[in-house]
1. Of all residues in region 35-91, which are surrounded by 15 or more Cβ atoms within 10 Å (Cβ to Cβ), among the polar types (S, T, N, Q), more than 23 Å from Met175 (Cα to Cα) and in contact with a Ser or Thr (Cβ under 9 Å, 6 or more places away or on another chain)?
2. Hey, among the residues in region 115-129 that are of a type outside the set (Gly, Ala, Ser) and crowded, with 21+ Cβ neighbours inside 10 Å, which one's nearest to Ile181 (Cα to Cα)?
3. Scan region 167-182 and report the pairs whose first residue is closer than 20 Å to Met1 by Cα and among the aliphatic types (A, V, I, L, M) and whose second residue is loosely packed, with under 15 Cβ neighbours inside 10 Å and modelled with pLDDT under 95, with Cβ atoms within less than 6 Å and a gap of 6+ or a chain change.
4. Among the residues of region 182-193, is any closer than 21 Å to Cys16 by Cβ, in a loop (DSSP other than H, G, I, E, B) and of a type in the set (Asp, Glu)?
5. Which one of Ile122, Ile80 is on the phi < 0 side of the Ramachandran plot, in a strand (DSSP E or B) and touching a residue at least 24 places away in the same chain (Cβ under 8 Å)?
Amino acid sequence: MARILFLGQRPLGETCFQLCLDHQAVEILGASSNSTKNGWWRTNGIYTACSKYGITFVDNSHRNEDDLLKLIVNLRIDTIFSVQHCWILSNDILNSVSGRAFNLHMAKLPEYKGHYPFAHAILNDENQYTVTLHWMSPKVDSGLIAYTGTFPISKADTAYDLYRRACKASVEIFMCLLDDIAKDRTPPTTKMTGEPKFYSRNSLSPQECIIDMGDEREVDLKSRALFFPPFTPAYGYVGSRRVFVLPERLGEFEQCNLFKRGDASQ
């Protein structure tokens, strides 16, 4: 049975953590996640589950390499799963499990490394979206690809639409990884191809959120790309007056509180 260290947070991380708990062929012996509910997702499900089941927990509010290494050695961890984890892992961590470390990135690699992939995919006018599960390396969002999942992007999709569908696609490829680990198979190892592109935390600057109200195409792209409740949507100016601009189709989010600021990236 695989002895797992699970690193992750947010709704997708919590879902994949529960899938591991429910799986009979893997055992989560340690986890690192958020212990508070201060993130935009407002949950700390992994921390709560660890407390309930007596799983060793390391808070991820600061870099914790030493704590993670001690946990790996003391609990004889042999595999690491990372889903929406907030820190890059060093070679020391990866070598401690002989390279058996896997990260689920909710975007196409290597073209969409880093932050805000849903917004950038719309701003780049992509017609499809890909999520990637890859072997980890010390460089951010790098390594050999194990699995991908792809779905189409429509001309009406918002960043939040992509996020929801990316969560579903991500769970599907995570289940493929679990099946490999459970059956003691080596997950696929496919070299990344394509032009690498890294989007920093500053890639959606305040200036990027401002719409030229006279540019119909920009109004469409930015209103959809920056629609991700609870974050502030795109806006433009009518004279000196700031006006928030929402996508034409809001669906189930029509009545939600759009203007409550979040405190974490997408």
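1. Ser35, Asn60, Asn64
2. Here is the first cut: in region 115-129, the ones of a type outside the set (Gly, Ala, Ser) are 115-118, 120, 122-129.
Keeping just the survivors that are crowded, with 21+ Cβ neighbours inside 10 Å gives 116-118, 120, 122, 129.
Working: Tyr116: 30, Pro117: 28, Phe118: 29, His120: 33, Ile122: 35, Tyr129: 26 Å.
That would be Tyr129.
3. Ala182/Ala25
4. yes
5. Working: Ile122 fails: in a strand (DSSP E or B).
None of the others qualify; the one that does is Ile80.
The values are calculated or read from the model by the stated rules, or taken from the named source; none is laboratory data. Quick caveat: nothing in here was measured; it's all calculated off a predicted structure. Ideal geometry is used to build each Cβ from the backbone, glycine not excepted, and the neighbour counts take in all protein chains shown.
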